[in-house]
Amino acid sequence: MKFNQDFIDKLKTAKSVVFFTGAGISAESGVPTFRGKEGLWKKFKPQELANFDAFIRNPDLVWEWYQYRRKIVEEANPNPGHLAIVEMGKYFEDVSVITQNVDDLHNRAGSKNVYELHGNIERNYCIDCEAIYNTNELEVTGKAPRCKKCGGLIRPDIVWFGEPIPQSIFSAAELKAKNSDICFVVGTTAIIYPAASIPRLAKEDGAYLVEINIEPTEISHWVDYSLIGKSGEILPEILAEIRSFH
Ligand code: APR
């Protein structure tokens, strides 16, 4: 892919780079996205699975759904898109990943500064005493597990619909976005707020905004540069471009 000169110039001078990622970056690892033709929300109803009321109504069902998704994620591996981001860490002063994904693949790829806005599917906590459990510490038998300390229900550490993103994580992510020279928006429909405010904040504070997606999105018309294609292909090409002038 031939990149435009403006973008190449930005790559040459940028110090701080942010990757704002969504489900699309993990699609090539075999993790389904939420929207789109094969999206999870086409087959399942968010209101029955991804909110606190649903959990209290039917914790076993919600656990079954998360066990189904954990299995997919555990069998998946980081793809060339995740890995290219890690490599780019060698060429800029500061590289951060602000992700809406809960699949842990950025961490498993080796990214260092990962801000998980919507939680992590392998982490869980007791809704009564807030004790934290990794999934591998729990015995999941088809029933929602109970806290070993207080007997309370354990839930996945996922930010469900209607719940706030933890303030400390969001503030830190906002600061990174505002201070970035380039902000890549990768594999997200960028419509779920407040997460979707991240690219807007970055651009308002002067970042060069680059979108990577297999199709145009609602933000394509106001980004600085829109790259249409798979992130697992385009990100390694950007890495090769960066290496060509180092
Ligand atoms: N490369 C790049 N982009 C891709 C690829 C790919 N290989 N495959 C799919 N995409 C794009 C789609 O075109 C779409 O724009 O990824 C995007 C996925 O969008 P969503 O399914 O809406 O996922 P996301 O934006 O992460 O959703 C945000 O919504 O349901 C909530 O909490 C959930 O974190 C999630 C949030």
Length released on extending from Cys150 to Ile192, taking residue separation times 0.36 nm less the Cα-Cα span: 11.7 nm
Hey, what angle do you get for helix 231-244 against the long axis of the chain, alpha-carbon based, 0 to 90 degrees rounded to 10? 40 degrees
Within the range 117-131, name every residue whose backbone N is under 12 Å away from a label modeled 7 Å from Cα of Phe52 along the Cβ vector. 127-128
Please find the FRET efficiency linking Phe161 to Thr141, where r is the Cβ-Cβ separation and R0 is fixed at 30 Å, and quote it to the nearest 0.05. 0.65
What percent does the relative contact order of the chain come to when contacts are Cα pairs within less than 8 Å and at least six residues apart? 24 percent
Using only DSSP helix segments of four residues or longer, with each worth -39500 (n - 2.57), what per-residue ellipticity at 222 nm results for the chain after dividing by its residue count and rounding to 500? -10000 deg cm²/dmol
Do you know the relative contact order of the range 42-155, to the nearest whole percent, from alpha carbon pairs under 8 angstrom that are 6+ apart? 20 percent
May I ask you to give the percent of accessible area on the chain that is carbon plus sulfur, with a probe radius of 1.4 Å? 50 percent
Roughly how tilted is helix 59-75, in degrees to the nearest 10 and between 0 and 90, from the longest Cα axis of the chain? 40 degrees
Hand me the chymotrypsin sites (Phe, Trp or Tyr not before Pro) from the range 109-162 located in a DSSP loop with no more than 14 other Cβ atoms within 10 Å, in residue order please. Phe161
Kindly report the accessible area of the range 202-244 per residue (heavy atoms of protein chains, probe 1.4 Å, no ligands, DNA or RNA), in Å². 47 Å²
Tell me which of Ile191, Pro164, Val140 sits at the most positive position along the dipole axis of the chain, charges placed on C-beta atoms (Lys, Arg +1; Asp, Glu -1). Val140
If you count the DSSP beta bridges with both ends in the range 23-166, what percent of them are antiparallel, to the nearest 5? 70 percent
How far apart, in nm, are two points set 7 Å out from the Cα along the Cα-to-Cβ line at Lys42 and at Glu215? 0.9 nm
Could you give the dipole magnitude of the chain about its Cα centre, charging the beta-carbon of Lys and Arg +1 and that of Asp and Glu -1, in debye to the nearest 20? 320 debye
In whole percent, what relative contact order does the range 92-197 give with Cα contacts below 8 Å and a gap of six or more residues? 23 percent
On average, how much accessible surface per residue is there in the range 1-150, in Å², for a 1.4 Å probe, leaving out ligands, DNA and RNA? 51 Å²
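The values are calculated or read from the model by the stated rules, or taken from the named source; none is laboratory data. Bear in mind the structure is a predicted one, so any value in this text is a computation, not a measurement. Positions of Cβ are backbone-derived with ideal geometry, glycine not excepted, and every protein chain shown enters the neighbour counts. Only protein heavy atoms, including side chains, enter the accessible area calculation; ligands, DNA and RNA are left aside. Shrake-Rupley method; radii C 1.70, N 1.55, O 1.52, S 1.80 Å.
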